[in-house]
1. Looking at the protein assembly as shown, which Cys residues are left with no other cysteine's beta carbon under 4.7 Å from theirs?
2. Helix B:216-226 against the longest principal axis of chain B: what's the angle in degrees, Cα atoms only, rounded to the nearest 10?
3. Counting each DSSP H run of 4 or more residues in chain A as -39500 (n - 2.57), what helix-only mean residue ellipticity at 222 nm follows after dividing by all residues, to the nearest 500 deg cm²/dmol?
4. For the pairs A:Lys414/B:Lys337; B:Lys5/B:Lys76; A:Lys333/A:Lys402; A:Lys103/A:Lys333; A:Lys371/A:Lys402, flag any whose C-alpha to C-alpha distance is greater than 24 Å.
5. Filter the GluC sites (Glu not before Pro) in region B:93-193 to those in DSSP coil with at most 14 other Cβ atoms within 10 Å of their Cβ, and list the result.
6. In whole Å, what are the Cα extents of chain B along the three principal axes, biggest one first?
7. How well do other chains shield peptide A:201-214, expressed as the mean number of their Cβ atoms within 10 Å of each residue Cβ?
8. Over region A:343-417, what is the relative contact order in percent, taking alpha-carbon pairs closer than 8 angstrom and at least six residues apart?
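Rule-based calculations on the coordinates, nothing more; no lab input. This is a predicted model, so every value here is computed, not measured. Positions of Cβ are backbone-derived with ideal geometry, glycine not excepted, and every protein chain shown enters the neighbour counts.
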Amino acid sequence: MGNALPQVDFVLQRKISEKLREFLPERCVLWQQEDTQPYECDGLTAYRRVPMVVALPETEAQVRRILQTCHALGVPVVPRGAGTGLSGGALPPGDGVLLSLAKFMRVLRIDPVARVAVVQPGVRNAAISDVVAPFGLYYAPDPSSQIACSIGGNVAENSGGVHCLKYGLTVHNVLRVRGYTIEGEPVDFGSEALDSAGYDLLALAIGSEGLLAVTTEVTVKLLPKPESARVIMASFDDVEKAGDAVAAVIAAGIVPAGLEMMDKPATHAVEQFVRAGYDLEAAALLLCESDGSTAEVEDEIARMKDVLTAAGATRLAVSRDEAERLRFWSGRKAAFPAVGRISPDYYCMDGTIPKKRLGEVLKFIGAMEKKYGLRCPNVFHAGDGNLHPLILFDANDADQLKRTEAFAAEVLEKCVQVGGTITGEHGVGVEKIDQMCIQFGAAELETFHAIKRAFDPKGLLNPGKAVPALSRCAEFGRNHVKATGQLGHAGLPRF
Amino acid sequence: MSLEKIQEQIREAAGRGAALCIRGGGSKDFYGNAPRGERLDTREHAGIVSYEPTELVVTARCGTLLSDLEKTLSEKGQFLSFEPPGFGAGATLGGCVAAGLSGPRRANAGSVRDAMLGAKILDGRGQLLAFGGQVMKNVAGYDVSRLLAGSLGTLGVIVEASLKLLPRPPEELTLKFELPQAKALANLNRWAGQPLPISASAWRDGELSLRLSGARSAVRAAAEKLGGESATQEEAARFWAGVREQSDPFFVGDTPLWRLSLPSQAPALELSGEQLLEWGGALRWLRAGSNAANAAAVRAAASKAGGHATLFRAAEKPQGAFAPLSPVLARLHRELKRSFDPAGILNPGRLYPEF
């Protein structure tokens, strides 16, 4: 984590600004520090860097020219949506252009018959569901930050949410992405048909963290709003029992619309903040949702209750109406800000594990809390194995910050070791770049770099993010012996 | 073992620059452009590596027979929700992923690509690479496993795949309606915008078949609402298998078969030749000639409707199996191919003649 003071190359800054001003109005080019400072970080505030220049284009033609200009000058470009990302994917370049798509806020087309909406990348996730609601439709992926995060950022990160087990991630709900390559060429990945000729470049573009192309238009799939939805809040006196209950629900052939877990420290933090009516005695709470036709939901809720009771739930509460359902969810959705109120800072992890290893990983996290002397409440997308442990710390205390980083690194490595991944939905960005050296070997990383070169041979789009340079992994590996006892990237030349 | 044998064969061929034709059961030899090169047989590298019903994930090697895999899943009440067509008893998991073809449930339950969670491949240098994993959510690195679905083996020999599974729906019911095509399309698009448990649709020769799947209460409520005539279980099973495996009378015979993937609401196409519609209108099969003039007309119609046309089955495919790419996309395809397979030995020409 760094707080490096900007070492601005004023000559280059002036040159870029002037070039951009040739076709952009004054309001679209920021370079004075008081204007660029607000862009110094995204949702991962521990990493900050003041951008050299911020460009705020208003049209696709302007995006194209910005890219052409930067490509010709050999200047890096970092795209930015709403800036809510949690992995530093939009950390600005100190020597290039931060390309904000914030002004691309229009819904271009809604087709209720085809069940698609074409939107600009700056449109907020929740706004899509709002504008299509009169047609009885909605956009399914619902990251907790949905009131603020933009669809362009969702595409970059392949964002999930609390309903992914049943409805999928961004990659399952976007039909087409229009964008520009770093050379300023327009490209369409996907179409309004269900597949396209050739390679599935749409799958490659989604989750590519802004390294392959700049998104200027997104066609999303809309789903009919379920007739009914109800959620069960189930209390458990033991976290592992709650984990087993999750497996039992799936084993019973049920795919819940949402299946979330919070441990006691998390529910206590949340309850003070939103009064969701959570059971504060419980060691763990599960939120288990059913949606569908009214009759189907009644049936499924009854089956879920049976399974949860058999799995040892100490208390069950079923939402009686929509207001209560939203109240039960409000606590889960507000978990991050709630934790933000009980600690000066918190650090959110995003590892995903096979569900059967949950007990083991939670015990491991407990041991880390003791080892590093830091508290760590857990919220957990239980249905899909995506953990969000939140390490509480004070960033003003350099030692706490260091301990937090070490804590997080150990947990992510544990996730990889049990067969999971370092990031389920927040992305690698700058934050987890060293852990990529553990998740992947040199050959896979080299393949990622080759994919990047296919789209961006000069490496100008969001450089230094998502995929570590092999030399960085060699450096990381020197101080870091893998759990298997082998040095990471043993085959790589050391220098 | 057999993985090392495959690896050895790739390295040896790469050294000579000799084309390899990757083949499992050979049930999809007809698909894409004509296979060429020395045979690389994937069948020995078979077997389920791990299956955790409560994780809704299976991992299996490329040579595993689809039929064996589906049997194992079915014993636990689960299935591959994209209902892949096998097109023959020898169909393997590797071929299923490489072809990227999904069956009747696709419009409602997603495609092969949607179910892909991870894969291991041997690239054109013979390097073993692992992407993705066995978990539902994973955004570490580019999503190469999904890129592999439908790549026809041109980026690597897919040696292992992890797929998301779903529980089998407890109840299924097929309804039949007498309807002309335009009316069927209008109904399908309207129904798709309502919370109905539709799991497949097919229209041919004035008859629309609609399959409902889910909880008994949901299926019954929907059937009551929609009307139509219920098919018997045997009738329905035979019909959907015929559509999925293309054994239905519509698919029999020598007339070339075109596959048009279109936005579901695209109006009925004014092309001569019999049609069968699936996926709520998003997939249209057409029996029509494959000569240059016909191919141009079919591809133009598909493109105008916002989709693309594949020459699926034909004795000859001189116009290419797949719709041509825009210059930018063609360049990206060539560059990607070069990075995975620098010697250009893996199924060359199978997807596009230039690589």
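1. Taking the Cβ cut-off of 4.7 Å, the unpaired cysteines of the protein assembly as shown are A:Cys28, A:Cys41, A:Cys70, A:Cys149, A:Cys164, A:Cys288, A:Cys348, A:Cys376, A:Cys415, B:Cys21, B:Cys62, B:Cys96.
2. It is inclined by approximately 60 degrees.
3. Values: 18 runs with 181 residues, N = 495.
Calculated mean residue ellipticity at 222 nm is -11000 deg cm²/dmol.
4. Violating the 24 Å Cα-Cα cut-off are A:Lys414/B:Lys337; B:Lys5/B:Lys76; A:Lys333/A:Lys402; A:Lys103/A:Lys333.
5. Passing sites in region B:93-193 do not exist.
6. 63, 52, 35
7. Details: counts 6, 4, 12, 7, 2, 4, 7, 4, 3, 0, 1, 2, 1, 0.
Partner Cβ neighbours, averaged per residue: 4.
8. Details: 106 pairs, mean separation 31.4, N = 75.
Relative contact order comes out at 42 percent.
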